[in-house]
Amino acid sequence: MSDTTGPPSTSTPPPGCPAHADAVVLGGLEYQQTPSQLYRTMRRDHGAVAPVMLDGDIPAWLVLGYPEVSYVTSHDELFARDSRRWNQWPNIPADWPLLPFVGYQPSVLFTEGQEHQRRAGVITEALEGVDQFELARECQSIAEQLISSFAGSGQAELMNAYAHALPARAVLWMCGMPQGSADTEQLVDDLRISLDAGEGDDPVAAYMRVGERIMQLVKEKRERPGPDVTSRMLLDPAGLSDEEIVQDLISVIAAAQQPTANWICNTLRLLLTDERFAVNVSGGRVSVGDALNEVLWLDTPTQNFIGRWAVRDTQLGGRLIREGDCLVLGLAAANTDPQIWPDSHVGVENSAHLSFSNGEHRCPYPAPLLADVMARTAVETLMEHLPDMVLSVETAELSWRPSIWMRGLTSLPVQFTPAVH
């Protein structure tokens, strides 16, 4: 065992602790608008593994290199997911903003070893039961309902009116929630607030309501199972408890909703602002699929993921990582690592990006395929119904959300010829 498990000194960090004098603060305006330049600078100054400070000057490591992120995610015996290992807990205040992401919960996200295989196996089996053609039809139906709500006005703000709502409704449909009901709509709204709170929202209250409604859904499906993800999880021979299923369903829904919403919106932004696509999508030479894949490389919805915790003292990227240190996976930085794109050209046909992570804790198969169905159907249906859609503002006026974790726009205002019913 290492001797660094006790509370670290608050004045001077122990040798090898990531609280270096040159640690980079994760946050600030550069992050919001041009994170790729920041990653380049960090890579130049620190190499593939950089010392960083999280909110409240909490030290961590940001893993920037593609080989290093791949190594961390494929070596669970060295870099594990159970956050209770963290050596910084004595310094974490009760109202720390990142607690929802790192505070241990009995969900599949924090399990390890055989328990993780059991829980992830149940999710995989349940998701494999989703018919992708049926999902595409449902997504097209949801897309058309959403489009009809704004098509007559000739303008829309697509982030909230379309990109957020579509994957939320689609994943709740997969889980067996009745479409169009008032409580499903409330749940769609609560999901958005709990994952992406705006001014005046109460994300904690929204998250509590999400948990209560999912528990109610689990109880309903235990009594009357149907052809849906929730029922398949309940009927799985692994025999998960209702509480475990609620936790894991919330993980599945959250993973499907916000990243897919940002994937849709970032792709629409690319199609509306990049002349390679503006000219070609209608002409068929550059496909929506190419745009979706390029976004996963260059504007991935999940920029950084917290995290992994070192099981013992180890070396990574020339750094001494102490037992209990926190590692943040720099997925966006790894995807643009010059080692894999030496001439800075991203080949859109290549899908070896790390946007769905890697290793045992990656998005469970077939989740990336289902997310692709949602995103592709959302983008193609919108382009088909509103072919003359253009931005309502200059490209430079589009702003990114102030988040180092997610890469998503605050809004995407567009205008088009009003549809006459």
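The values are calculated or read from the model by the stated rules, or taken from the named source; none is laboratory data. Quantities reported herein were computed from a predicted structural model and do not represent experimental measurements. In this analysis, Cβ positions are derived from the backbone assuming ideal geometry, glycine residues included, and neighbour counts consider all displayed protein chains. Heads up: the accessible areas ignore ligands, DNA and RNA and are worked out on the full protein's heavy atoms, side chains in. Shrake-Rupley method; radii C 1.70, N 1.55, O 1.52, S 1.80 Å.
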Odd one out for Gln179, checked against (1) part of a helix (DSSP H, G or I); (2) at pLDDT below 95: (1)
Can you confirm whether Asp325 is modelled with pLDDT of 90 or more, buried (at least 19 other Cβ atoms within 10 Å of the Cβ) and acidic (Asp, Glu)? yes
Pull up the range 226-243, narrow it to residues that are open to solvent by 40 Å² or more (accessible area, probe 1.4 Å) and over 19 Å from Ala170 (Cα atoms), then point me to the one that is nearest to the chain's Cα centre (by Cα). Glu243
Looking only at residues in the range 171-205 that are buried (at least 23 other Cβ atoms within 10 Å of the Cβ) and within 16 Å of the chain's Cα centre (by Cα), which one is farthest from Asp131 (Cα to Cα)? Ser194
I need a count of the residues in the range 131-155 that are in contact with a Lys or Arg (Cβ under 9 Å, 6 or more places away or on another chain) and open to solvent by less than 20 Å² (accessible area, probe 1.4 Å). 3
Of all residues in the range 31-64, which are within 18 Å of Arg319 (Cβ to Cβ), open to solvent by 30 Å² or more (accessible area, probe 1.4 Å) and among the hydroxyl-bearing types (Ser, Thr, Tyr)? Thr41
Residues that are open to solvent by 30 Å² or more (accessible area, probe 1.4 Å), closer than 20 Å to Gly324 by Cβ and in a helix (DSSP H, G or I), drawn from the range 89-112: Trp89, Pro90, Asn91, Leu99, Phe101, Leu109
Tell me which residues, restricted to the range 228-260, are of a type in the set (A, V, I, L, M), within 19 Å of Ile142 (Cα to Cα) and at pLDDT 95 or above. Val229
Kindly indicate whether any position in the range 217-226 is farther than 30 Å from Thr417 by Cα, in contact (Cβ under 8 Å) with a residue 24 or more places away in the chain, of a type outside the set (Asp, Glu) and not in a helix (DSSP H, G or I). yes
Being among the aliphatic types (A, V, I, L, M) and assigned to a helix (DSSP H, G or I) is the filter here; which residues of the range 55-69 pass it? Val69
For the range 266-299, enumerate the residues that are more than 20 Å from Thr395 (Cβ to Cβ) and at pLDDT 90 or above. Asn293, Leu296
Counted residues, the range 65-83 - those being open to solvent by less than 10 Å² (accessible area, probe 1.4 Å) and within 11 Å of Leu316 (Cα to Cα): 4
